[in-house]
Amino acid sequence: QFVLHSHFQHFRLRYSGQLQRLQRHRLPFIHTIINTNMNFSTAFSLMFVGTATAFAPSPVSHSRSSNSALFMAEDGEITPFRIGTRGSPLALAQAYETRRELIKNFPELEADGAIEICVMKTQGDMILDKSLMELGGKGLFTKELDTALLADEVDICVHSMKDVPTWLPDGTVLPCNLPREDTNDAFITANGITKIADLPDGSVIGTASLRRQAQLMTQNPTLKCVNFRGNVQTRLRKLDDGVVDATLLAIAGLKRMEMQDCATAVLEWDEMLPAVAQGAIGIQCRTDDERSLKYIAALNCMDTHVCVNCER
C-alpha cells in the first residue's frame, strides 16, 4: 500500500496541471483525485487500479506524417490501411469515424481503396444468453481483434474503451484516443419514468453490467435485474416488446448513432457512476508498426488519453 500511495502522490504532482484542466471538462474520476480529501484506499477502490503501474499513461508519439502517400506497393498498387472492428452498428460507426479522421488528417487516404474496414465477429457478439462474468470478462469483445492484429491481418483496431481489458496483449499498444463523448448513462424506460428512485418496486431492468446492477440494487433492492445482451437496436426492441420495464445504455453510443432521442433521461454520476473510460474510443496497433503509429498519433486527443489512462 505504501508503494501504491507513493505512485499515486507522484501521479498527482506530475500531472496536476493536466488534471486541473480536465476537471473543468467534468471528466469522470478526475474530480475525485483533485478535490476529495480521502484516504488512499478509497481512491484505490474508486479508480479500479490493480497495480501502481496502471497510473502510467502509455507513451504517445506526437510526430505528424508527411504528406507523401505511404501505401504504394512496388507494383504501384495501393496497399490499403486496414481497420479492424466488430460488426455491431455502434462499432461500425466508430470505425467510420476513425476513417473520417484519418482522411481529414491525411488527404492521400481519400483515394479509392486506401482504407479498408475489416469486420470481425467476436465471442462476445456471438454468445448472448450468458453474462460477461460467466463467459470470462470483457476480453471476449477484443480477443479476435487482438489475434488479427498480431497476425498482421489488420493494421489498427478500433475499440470502445470501456470494453478493453486493462492489460493489452504483448506486442500491441493503445496510444490513441479520439475526443471523448459524454460519459453518462442513458436511462430508457417504457413508461416515461426519468429517475431510478421512481421505478415501482419489483420493476424488471435489463442489464448485463455488474456495475449497473450493483448501483440499481443499492437504490432499490426490490428491482429485478435480468441479463440483457446484444447490440443497441436489439435491446431497444426488447424494451418495446415489454420484456423489461427499463434499461441503461451509454449515452455516448446513442449519440454516435444519432439515437440520443431514445433516452428517457441522462443520469448524473451521483445516480449512476459510469464505467471506467466510458465514452472514449481507443485505437490499438502493433508495437513495432511505425506506419500505423505515425497515422494514429495525429488523431490522439491528449486530454482524453491522459484521463482514460488515469481511470484504467
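The values are calculated or read from the model by the stated rules, or taken from the named source; none is laboratory data. This structure is a prediction, so every number in the text was calculated from the model and none was measured. A quick note on method: Cβ atoms are made from the backbone with ideal geometry, for glycine too, and the neighbour counts reach across all protein chains shown. These area figures cover heavy atoms from the full protein model, side chains too; ligands, DNA and RNA do not enter into them. Shrake-Rupley method; radii C 1.70, N 1.55, O 1.52, S 1.80 Å.
Tabulated data for the structure shown
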| item | result |
| --- | --- |
| Amide H partners (placed H, <5 Å) of C225, local residues excluded | I205 |
| 1.4 Å probe accessible area per residue over region 182-312, in Å² | 39 |
| Ordering of 194-203, 167-176, 248-257 by packing [mean C-beta count within 10 Å, highest first] | 248-257, 167-176, 194-203 |
| Gap separating the Cα centres of region 74-117 and region 217-264, nearest whole Å | 31 |
| Environment charge of G192, counting only residues whose C-beta is closer than 15 Å and scoring Lys/Arg +1, Asp/Glu -1 | -3 |
| Amide H within-cut-off set for I115, under 5 Å, with H built and near neighbours excluded | F81 |
| Pairs beyond 31 Å (Cα-Cα), from K143/K195; K104/K195; K121/K195; K143/K238 | K143/K195; K104/K195; K121/K195 |
| Rounded FRET efficiency, nearest 0.05, which uses the C-beta distance separating K143 from A190 and R0 of 41 Å | 0.75 |
| Under Karplus coefficients 6.51, -1.76 and 1.60, residue-wise ³J(HN,Hα) of region 266-281 in Hz, glycine/proline x | 10, 7, 6, 4, 5, 8, 8, 5, x, 6, 4, 6, 4, x, 10, 9 |
| HN-Hα J in Hz across region 248-257 - Karplus 6.51, -1.76, 1.60, θ = phi - 60°, x for Gly and Pro | 10, 9, 5, 5, 4, x, 4, 5, 5, 9 |
| HN-Hα J in Hz across region 193-203 - Karplus 6.51, -1.76, 1.60, θ = phi - 60°, x for Gly and Pro | 5, 10, 10, 4, 5, 8, 5, x, 4, x, 4 |
| Among 215-223, 299-307, 182-190, the order from most to least packed when residues are scored by Cβ within 10 Å on average | 182-190, 299-307, 215-223 |
| Apportionment of accessible area to carbon and sulfur, region 145-244, percent (1.4 Å) | 50 |
| By average C-beta atoms within 10 angstrom, highest first, the peptides 234-247, 149-162 | 149-162, 234-247 |
| Other-chain or far-sequence residues with amide H under 5 Å of T172's (modelled H) | T287 |
| R0 of 25 Å, Cβ-Cβ distance T264-Y96: FRET efficiency to nearest 0.05 | 0.35 |
